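The values are calculated or read from the model by the stated rules, or taken from the named source; none is laboratory data. All figures in this text were calculated on a predicted structure; none of them were measured in a lab. Positions of Cβ are backbone-derived with ideal geometry, glycine not excepted, and every protein chain shown enters the neighbour counts. Areas reflect the complete protein model, heavy atoms only, side chains present, ligands, DNA and RNA absent. Shrake-Rupley method; radii C 1.70, N 1.55, O 1.52, S 1.80 Å.
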Amino acid sequence: MPSLKEIKNRIVSVNSTRKITSAMKMVASSKLHHAQQMIENMLPYENMLERILKTFLASEVDAHTIFSEVRDVKKVALVVYSSNSSLCGGYNANVIKMMFSVADEYRKTIGKDNVIIYPVGRKVAEQAKKNGFLCAGDYTELAEKPSIGQCIDIATELCEKYAAGEIDKVELIYHHFKSAGSQILQRRTFLPIDLDYDIGADNDRDLRLKSVTPAMMEYLRKKVKEDAEKKEKSVPLNDNFIVEPDMKTVLHALIPRYANLMIYTALLDSNASEHAARMVAMQTATDNADELLRELNLQFNKSRQQAITNELLDIVGGSVNN
């Protein structure tokens, strides 16, 4: 059995660790709030732009564009989003695992040299280089400070290479942020533009919740039911557009904006998911520390009581002998 001093030292150590995890949870919660606000500000623009563009491409005969053509895949690019730091549960491990899985699929048909990785985040960049993948660019800072400027640079480069025939397909691998307690790992086609992808399919985020509790889970269940009822009652938007000056000019302006927005949206989702995952991980660590402290205090009190009892027995035994 450990001595009283050893138990006391361990209690002090666990207390110190608990202070760190509790502070990290509050920091992650604050960053999550900021990330949720960024997503909320971007959503109206995303919804309308996606609806307009996909309606044109799906309904108009003369809405043909090279960015919606499906062709044989000989070279593919993967834009993979991770974080720069750890302590966020299985967030990075899940992204890296899916990246390797997707890369293996393409490696069987087109070879490893024809898979290009665009790593957004230090963790995925390190793993990609370690395993011999071809990496394009350094986007480490983008994982911590989302910037629309750098997202435009990535989207422009990918679109130019796709139009030139240097890349035949582009996919995004990232965590889709649904709520503070739910982040879904997604694999989504960036180019060619996927017309079968439902408009607004990713607009199921709950941006008001910033904690993970049983009450929150009950709220989520009720909200899903209410949203389903509202969807049935809602009137669809009129998609009968009048196009001026012509379809080609409008598409030439819309497609780059849509591409930029897809890269930026995935970055915001990934950023919010990282902070949510870290908040949950630190909350779990803090709860585990509380439970460990309770057990250690109980063990300390038992050991102290036993030591006192032994001393009393020694005193009583000595008195009887005398």
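Only one entry in Arg107, Arg71 is surrounded by fewer than 17 Cβ atoms within 10 Å (Cβ to Cβ), assigned to a loop (DSSP other than H, G, I, E, B) and over 23 Å from the mean Cα position of the chain (by Cα), namely Arg71. For the range 2-21, state whether one or more residues are in contact (Cβ under 8 Å) with a residue 60 or more places away in the chain, buried (at least 17 other Cβ atoms within 10 Å of the Cβ), at negative phi and under 21 Å from the mean Cα position of the chain (by Cα). Yes. Return yes when Ile173 is more than 13 Å from Val79 (Cα to Cα), modelled with pLDDT of 85 or more and among the β-branched types (Val, Ile, Thr) and no when it is not. Spelling it out, it is not the case that Ile173 is more than 13 Å from Val79 (Cα to Cα), modelled with pLDDT of 85 or more and among the β-branched types (Val, Ile, Thr).
Say whether the condition of being surrounded by fewer than 18 Cβ atoms within 10 Å (Cβ to Cβ), touching a residue at least 40 places away in the same chain (Cβ under 8 Å) and on the phi > 0 side of the Ramachandran plot is met by at least one residue in the range 25-44. There is no residue in the range 25-44 that is surrounded by fewer than 18 Cβ atoms within 10 Å (Cβ to Cβ), touching a residue at least 40 places away in the same chain (Cβ under 8 Å) and on the phi > 0 side of the Ramachandran plot. Whether any residue in the range 285-308 is at pLDDT 85 or above, under 30 Å from Phe177 (Cβ atoms) and open to solvent by 90 Å² or more (accessible area, probe 1.4 Å) is what I want to check. Yes - at least one qualifying residue is present in the range 285-308.
Within the group Arg294, Arg278, which residue is in contact with a helix residue (DSSP H, G or I) (Cβ under 6 Å, 6 or more places away or on another chain) and assigned to a helix (DSSP H, G or I)? Among Arg294, Arg278, only Arg278 is in contact with a helix residue (DSSP H, G or I) (Cβ under 6 Å, 6 or more places away or on another chain) and assigned to a helix (DSSP H, G or I). Residues that are more than 18 Å from Thr286 (Cβ to Cβ), buried (at least 16 other Cβ atoms within 10 Å of the Cβ) and of a type outside the set (S, T, N, Q) within the range 74-90 comprise Lys75, Val76, Ala77, Leu78, Val79, Val80, Tyr81, listed in sequence order.
Would you confirm, using the coordinates I've provided, whether Thr189 is among the hydroxyl-bearing types (Ser, Thr, Tyr), farther than 24 Å from Thr284 by Cβ and in a strand (DSSP E or B)? For Thr189, the condition - among the hydroxyl-bearing types (Ser, Thr, Tyr), farther than 24 Å from Thr284 by Cβ and in a strand (DSSP E or B) - is met. For Ile242, the conditions (1) open to solvent by less than 40 Å² (accessible area, probe 1.4 Å); (2) under 30 Å from Ile152 (Cβ atoms) all hold with the exception of (1).
Residues that are part of a helix (DSSP H, G or I) and within 14 Å of Ile154 (Cβ to Cβ) within the range 126-142 comprise Thr140, Glu141, Leu142, listed in sequence order.
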